[in-house]
1. Can you name every residue in segment 128-182 that is acidic (Asp, Glu), under 20 Å from the mean Cα position of the chain (by Cα) and within 26 Å of residue 261 (Cα to Cα)?
2. Look through 261, 220, 236, 250 and report the one residue that is on the phi < 0 side of the Ramachandran plot, of a type in the set (A, V, I, L, M, F, W, C), within 19 Å of the chain's Cα centre (by Cα) and in a loop (DSSP other than H, G, I, E, B).
3. Filter segment 178-196 down to residues that are in contact with a Leu (Cβ under 9 Å, 6 or more places away or on another chain) and more than 15 Å from the ligand (Cβ to nearest atom), then give me how many there are.
4. Might you let me know whether segment 189-199 holds any residue that is of a type in the set (S, T, N, Q), out of contact with any Lys or Arg (no Cβ under 6 Å at 6 or more places or on another chain) and in a helix (DSSP H, G or I)?
5. Within segment 247-263, is there a residue that is away from the ligand (no atom under 16 Å from the Cβ) and either more than 23 Å from residue 33 (Cβ to Cβ) or in contact with a Ser or Thr (Cβ under 6 Å, 6 or more places away or on another chain) (or both)?
6. Can you tell me which condition residue 116 does not meet? The list is (1) out of contact with any Lys or Arg (no Cβ under 8 Å at 6 or more places or on another chain); (2) among the charged types (D, E, K, R); (3) within 11 Å of the ligand (Cβ to nearest atom), and all the others hold.
7. Of all residues in segment 29-65, how many are within 16 Å of the ligand (Cβ to nearest atom) and touching a Gly at 6+ places or on another chain (Cβ under 8 Å)?
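What follows is calculated from the coordinates using simple rules that are stated; it is not laboratory data. These figures come from a predicted structure and were not determined experimentally. All Cβ positions, glycine included, derive from the backbone under ideal geometry; neighbour counts span all protein chains shown.
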Amino acid sequence: MSAGTRPEARDADPLAMPLRFLRAGTGGALPVVLIHGFPFDARMWRPQLEAFAGEHDVVAPHLRGFGGTSPGDGQTTMELLVDDLFAFLDRLALDPAVLVGLSMGGYVALRAAEREPRRLRGLVLCDTRSEADSDEGRLGRARTLRRVKEGGTGFLAEEMPPRLLSARTLESRPAVVAAVREMIADAGPTAVCGALLAMAGRTSTTAMLAELEVPALVVAGEEDRLTPPELGREMAGRIPDATVHVVPEAGHVSNLENPEAFDRGLRGFLESL
Ligand code: MLT
């Protein structure tokens, strides 16, 4: 796996695209773009980058501010994240691509599909939802943002894993718990606040689901408490051509918690395209 980095004057221009990514190798013909969740970075896709190397052209960008990229001024919107993604697809000549997004990455993929459907060859929505935040959800993000501004991001690495991960992962997959904690701990406050703002302000993409012209796969960790499998099934029910893959013994970070089962679903879907 190689890390493609192009440091550039991103601090000087907050609208410039963060161009760092992990790539498994350019062996396959089908571009597959893996979009990470919050507050992670492209490293969360390591199992899939390894598993699919040579089968497809698998690329995982770091979203703005994560994975050592510049967060700019932290005034991030979902539109800006999608602009970044499109610029990234253009720069690497990756469309049409299969967009695979987990949770926040799913929000980015869904909005990308709504804005420019021609860029998609397929859509994989993992542990995510198409609805915008509820008022309660927005208030929760505002509280988190305030805590980060007051005291930094340290509390996230303590508080998030028990909410995100399945009981099985917390009890018997210490390497996964450590990897999740490490990514959260590495996320800087400006990036975290920017992502919170982007998620709180995002629009609903539910109406678009019925218009989706490419095949979709909806993946859900069996024990995901944030976006449970029922929600995934409901979302899939709105999409003309969608299948559902439930990952056993996994919570909200299903690709890391049970990569074998996750990959089986993803591989089957990619082979069907
Ligand atoms: C994520 O995993 O990306 C988050 O749970 C998304 C969110 O907070 O809505």
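1. 182
2. 250
3. So the answer is 1.
4. yes
5. Scanning segment 247-263, I find at least one residue that is away from the ligand (no atom under 16 Å from the Cβ) and either more than 23 Å from residue 33 (Cβ to Cβ) or in contact with a Ser or Thr (Cβ under 6 Å, 6 or more places away or on another chain) (or both), so the answer is yes.
6. (3)
7. 12
This table checks each residue for (1) over 20 Å from residue 99 (Cβ atoms); (2) buried (at least 22 other Cβ atoms within 10 Å of the Cβ); (3) of a type in the set (Val, Ile, Thr); (4) in contact (Cβ under 8 Å) with a residue 60 or more places away in the chain.
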residue: 200; (1), (2), (3), (4): yes, no, no, yes
residue: 226; (1), (2), (3), (4): yes, no, no, yes
residue: 233; (1), (2), (3), (4): yes, no, no, no
residue: 242; (1), (2), (3), (4): no, no, no, no
residue: 249; (1), (2), (3), (4): yes, no, no, yes
residue: 255; (1), (2), (3), (4): no, yes, no, yes
residue: 263; (1), (2), (3), (4): no, no, no, yes
residue: 272; (1), (2), (3), (4): no, no, no, no
